[in-house]
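Accompanying notes for the structure given below.
Any read-out appearing in this document is the output of simple, stated calculations on the displayed coordinates, not a laboratory observation. As the structure is a prediction and not an experimental result, all values here were calculated from the model. Heads up, the Cβs are rebuilt from the backbone with ideal geometry, glycines too, and the neighbour counts pull from every protein chain shown.
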Amino acid sequence: MKYKGQIIGTLLLLMVFGIMFAVWQFHFKAIFDGYKEDERLRASLEETMSKLQETFQGYKPELLIEAWQNEIQPWRNAREERGVYFNFGDWYQIEVTPPEARMLKFWYTEESNKQVNDLYAKIWAKMGRYDLFPQDIRAKFDVATEERWEGKNVSWPIVEKNLRQLNFGIKLATMLLDANVSSVRDIVVWPRRYPEDYNGMLAMQTVGLHVTLPAKDMVGLLEKLEQESRYFTVDSLKVTYPYIAYAAEPQLEMQFLLTQANYRRPPDMKEPVTAAAAGDGGAAGAGARAPGRGRGQAPEGAMGKFWRWFRQTVLAMP
């Protein structure tokens, strides 16, 4: 019992120190860290402002901006002029619209079946056989069938996308028929890609093709692609002649990657905010950040609640 009072006093003292440490760790430390962050930001902004004043001393910002715009405008004009060459033509265009009184799904089934039947009628007229062409063109171009949408309610954007894909496939098949191919062994559509080399401004669509055709028609096809008014390129080409012993016109096996590209106009650069615009409480006023404010506050924990109660109840502080 002799040391009981000393032990209790020591424990109370340790508890007080623990509470003080917890209050510092979970409350005041975050506040002071915020002050330090604001101080670093202020120093960085002052340094940047000093460098800008030193670099552009004697220049008017509006004159520099105007000169910069005049410098890059010819590049933009040249880019737009060249961009006309990169397009998909009418390969993804559709000219049909669904009647209001029909359900989209059933109308799409009839319309897509009609287009596919018309294509295979051309194949029969050109080749005289159906087995010289892929039997299910919709599967080759990932075009939805009636079975895929069974029990589903589809919207016009979905129907439109599939009709565009189907039209792309029909246009490609028509091009091959016009090139007098003897057979189409396979068609593989690649996912559309946006090369970083062109800053995403070109959408590239590649199709892998395996066809059989006479030698003169192969040359004619390549020449026609080269003379097109829009962008076509053959990225890879493999030609074999497996029928060398046949006493007939040479039929070549041709495997190639055919790519088209569509120009995507980048969004125009926004005009910079001038000093006059910044002073009217607009963009600059809305984005201004007061020192010590604007940081995300952490959720109040148990220690924070205790400190708020202790400050308001015991210390009578607001």
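For the reader, a short list of remarks on this structure follows.
- Total formal charge among the other residues, if their Cβ is under 12 angstrom from that of Glu146, Lys/Arg +1 and Asp/Glu -1: 0
- Listed values for segment 140-155 are Karplus-derived 3J(HN,Hα) couplings in whole Hz (6.51 cos²θ - 1.76 cosθ + 1.60, θ = phi - 60°), namely 5, 10, 6, 9, 5, 10, 4, 5, 5, 9, 4, x, 10, 9, 9, 9, and x replaces Gly and Pro.
- Magnitude of the charge dipole for segment 104-263, about its Cα centre and with charges confined to Cβ atoms of Lys, Arg (+1) and Asp, Glu (-1), is about 200 debye.
- With neighbour counts taken as other beta-carbon atoms within 10 Å, the residues Phe141, Phe88 rank, fewest first, as Phe88, Phe141.
- Over 27 Å between alpha carbons, listed pairs Lys122/Lys224; Lys126/Lys152; Lys105/Lys224; Lys114/Lys224; Lys122/Lys152; Lys161/Lys216: Lys126/Lys152; Lys105/Lys224; Lys114/Lys224; Lys122/Lys152; Lys161/Lys216
- Shape of segment 104-263, Cα gyration tensor, a/c cut at 1.5: oblate
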